[in-house]
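Here the structure comes first, spelled out in structure tokens, and everything after it is commentary.
The values are calculated or read from the model by the stated rules, or taken from the named source; none is laboratory data. These numbers were taken from a predicted model, which means no experiment stands behind them. Please note: Cβ atoms are built from the backbone with ideal geometry, for glycine as well, and neighbour counts cover all protein chains shown. Just so you know, the surface numbers come from the protein's heavy atoms only, side chains and all, with ligands and any DNA or RNA stripped out. Shrake-Rupley method; radii C 1.70, N 1.55, O 1.52, S 1.80 Å.
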Amino acid sequence: MTAPLTNLSAVRRPVSEAQGLPNPHYIDSQMFNEEKHAVLFSSWSGLAVTADVPEIGDAVPMTFLGMPLLVIRDKSGTLRVFQNTCRHRGMILVEEPRKIEGAIRCPYHSWCYSTEGRLVSTPHVGGPGQNTHESIDRNLLGLIEVRSHIWRDVIWINIDGTALPFEDVNADLIARWAEFDKPLFHGGSDSVFQLEVKCNWKLAVENYCESYHLPWVHPGLNSYSRLEDHYHIEKQDSYSGQGTLVYRQLKGAEGQVFADFEDVGEKWNEAAEYISVYPNVLLGVHRDHAFAIVLVPESTERTVENIHLYYATPQTDDAMRAANTEQWKLVFEEDIFVVEGMQKGRHSPNFDGGRFSAVMDSPTHSFHAWVAGKIESYRATAQAAE
């Protein structure tokens, strides 16, 4: 079966005239598969964070849209992403997170790979006691490496290898946040949490990048960071989001605050920004801490959000750090009923994708237009190949 051929022309219109993405893009399994290739495999998608693999030899198996991957920090400290599959018979190499002391050994026939992915041992491949054979060129049978890049501690991957270099795709955002190009220190075990939401991954992106819902969904936050204190952030075909002009630092019991990132400009004394980096990473920056949310699309109607908090210094106050995590967890949990409610609404057969407020919804429309463009390009390429 193929995905329904949705008409996306109305999605690409200016925000004052556009409709949202049609229902099948949220509830149809074939459409989910098409978007996997057209949107997520062809872009720089977020997979995890480097804090998940902190030490040399750490190997963590992960699955990205059904693809078994292995994230490993090799002996030089370089983080690499491989397909978690032996080149011999396709056996999964690493089932559980563990430390690789020597080589990555396949449990089936004991073929071994270095942490850099080279095939280094093929026991009995030429018969009992014969560990080489002329038909097996080890130089050609290393692990299949997935193109990856590290920025703001996020491990970004480009599965199909066709995306432009990460620095080119995201040059505008990298420049926008140049003042935050400083070391990030993960807060540790109490600064990471996971939320499972019953919605399509795109709804989590759409909700995050707009401030329109603040007065009704986040009344506590809106009590000091009001709707009118926010501004839109948009870069066509790259990212969109929101900023606030009234960021309020968390204070401890004795009035202490987290240390600021070094030499951050005066603009950030009370400003903060929250940006959806297409396709599936949500980032936030403040003068004294930052966070990254990596969305893991599990199915048409299930998404896992992995949230990590970072600070300007390696040591922070335990109580304050825990309070900051809890504060953000409450904010993000407030959004769950919204994204899950929109997911349920997408099963209304006569819903046409909805309309946008030309004033308030442009960050969300920007994301819709980007998704539509990626799908149209993918379909055009497939049609040309036929």
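What the table below lists for this structure:
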read-out	value
Positive dipole terminus of the chain, leading residue within Ile104, Thr50, Phe193 (C-beta point charges)	Ile104
Cβ-based net charge around Ala272, under 12 Å, with every Lys or Arg adding one and every Asp or Glu removing one	-1
Angle between the chain longest axis and helix 318-334 axis [Cα atoms, degrees, rounded to 10]	80
J(HN,Hα) series, the stretch 90-101, from Karplus relation 6.51 cos²θ - 1.76 cosθ + 1.60, nearest Hz, glycine and proline x	x, 6, 5, 8, 10, 8, 10, x, 7, 9, 8, 7
The chain: calculated mean residue ellipticity at 222 nm from DSSP helix runs of at least 4, using -39500 (n - 2.57)	-6500 deg cm²/dmol
Surface share of carbon and sulfur [accessible, 1.4 angstrom probe, percent] for the chain	50
Average silhouette area of the stretch 57-170, convex hull of alpha-carbon atoms, in square nanometres	8.2
Amide H within-cut-off set for Arg13, under 5 Å, with H built and near neighbours excluded	Gln19
Those GluC sites (Glu not before Pro) in the stretch 24-103 that DSSP places in a loop and that have at most 10 other beta carbons within 10 Å	Glu55, Glu95, Glu101
Loop-resident sites, the stretch 132-177, for GluC sites (Glu not before Pro), counting at most 12 other Cβ within 10 Å (DSSP)	Glu134
Restricting the stretch 49-115 to trypsin sites (Lys or Arg not before Pro) in coil, as DSSP defines it, with at most 10 other Cβ within 10 Å	Arg89
Mean Cα-pair separation over length for the chain, i.e. relative contact order, pairs under 8 Å, 6 or more apart, %	21
Spatial separation of Cα centroids for the stretch 36-115 and the stretch 345-379, in angstrom	35
Under Karplus coefficients 6.51, -1.76 and 1.60, residue-wise ³J(HN,Hα) of the stretch 228-244 in Hz, glycine/proline x	6, 8, 9, 9, 7, 10, 8, 9, 3, 6, 9, 6, 7, x, 9, x, 10
Residue of Glu262, Glu234, Glu340 that the Gaussian network model of the chain assigns the largest fluctuation, springs spanning Cα pairs under 10 Å	Glu262
Neighbourhood charge, 9 Å Cβ-Cβ cut-off, centred on Arg73 and excluding it, Lys, Arg +1 and Asp, Glu -1	-1
Span from the the stretch 131-161 Cα centroid across to the the stretch 233-285 one, whole angstrom	35
Label point distance in nm, Asn269-Asp160, each placed 7 Å from Cα along Cα→Cβ	4.8
Principal-axis tilt of helix 362-385 within the chain, Cα atoms, nearest 10 degrees	40
